[in-house]
Amino acid sequence: MITKISICNLALAQLGQSPISSLEQENEKARRLNLFYAPVRDEVLRTHNWAFAGVQEPLVLFAQGADEQGRFIYKYPAEALFIRRVFSPAQKRLDFQEFFRSDLHSRVILTVCDQAQAEYTRRITDENLFDTAFIKSFSLALACDLAVALTSDTQLAAQLLQRYALSLEEARRSNASEIVSVAPDTDAFTEVR
């Protein structure tokens, strides 16, 4: 079973650091890991259309009817880290805009379809759902971000960055074969890369 601590200890091992037993420990390693863990996880999730984090679902309208430009306003999905595409019920890819609307106090998606759906990467906080290739890439990214703070070794940080880039490319290749989607404007299934 993979845990937050096991991922943190993988990152520490990359740095030549001893493992921790808890993120509540009163030491610099635990404090830094607490600080970096969630932002680095979300950043690595955003880098690729990971099969385990992909969602396709209808968007929720904020209000009935279109605006003056014929666009419908949808709520931005709460767990979405990155909207990959917006499409119609017929799978036709739609142009869309996303931004924060201060009058609605919310992030929104605008598009011209009244029944729009979205494909997006969602925030995954349960480590048991992580793909093994993602875990390796994530732990390397975490080590890379911690390298200078914990070791003061900029060369090690640069080496870890190279290893992370290679690991991420490898993970993307293996993960791409798991992702199949309906191609826009067709009924044929295609591999998404």
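Since every read-out is calculated from the coordinates, none of them should be taken as a lab result. Everything numeric in this text was worked out from a predicted model, so none of it was measured. No Cβ is skipped: glycine too gets one built from the backbone with ideal geometry, and neighbour counts run over all protein chains shown.
A few comments on the model shown:
- Distant-in-sequence amide H partners of Phe82 (H built 1.01 Å from N, under 5 Å): Thr121
- When each of the peptides 43-50, 112-119 is scored by how many other beta carbons lie within 10 Å of its residues on average, the order from highest to lowest is 43-50, 112-119.
- Using the rule -39500 (n - 2.57) for each DSSP H run of four or more residues, divided by the residues of the chain, the 222 nm mean residue ellipticity is -13000 deg cm²/dmol.
- Orientation-averaged projected area, Cα convex hull of the range 54-122 (nm²): 4.3 nm²
- Under 5 Å, built H, 5+ apart or other chain: amide partners of Cys113: Phe72
- ³J(HN,Hα) computed for each position of the range 39-49 - Karplus, 6.51 cos²θ - 1.76 cosθ + 1.60, integer Hz, glycine/proline x: x, 5, 4, 5, 5, 5, 4, 5, 6, 7, 7
- The mean of 1/r over all pairs of different alpha-carbon atoms in the chain, once inverted, gives a Kirkwood hydrodynamic radius of 18.7 Å.
- For the range 1-111: rounded, prolate or oblate by the Cα gyration tensor [a/c cutoff 1.5]: prolate
- Helix 154-176 and the long axis of the chain differ in direction by around 40°, with both axes built from C-alpha atoms.
- Sequence-ordered 3J(HN,Hα) estimates for the range 104-115 from the Karplus curve with 6.51, -1.76 and 1.60 and θ = phi - 60° stand at 9, 6, 7, 7, 9, 10, 10, 7, 8, 9, 8, 9 Hz, glycine and proline given as x.
- Using alpha carbons only, the radius of gyration of the range 1-60 set against its Kirkwood radius gives Rg/Rh = 1.10.
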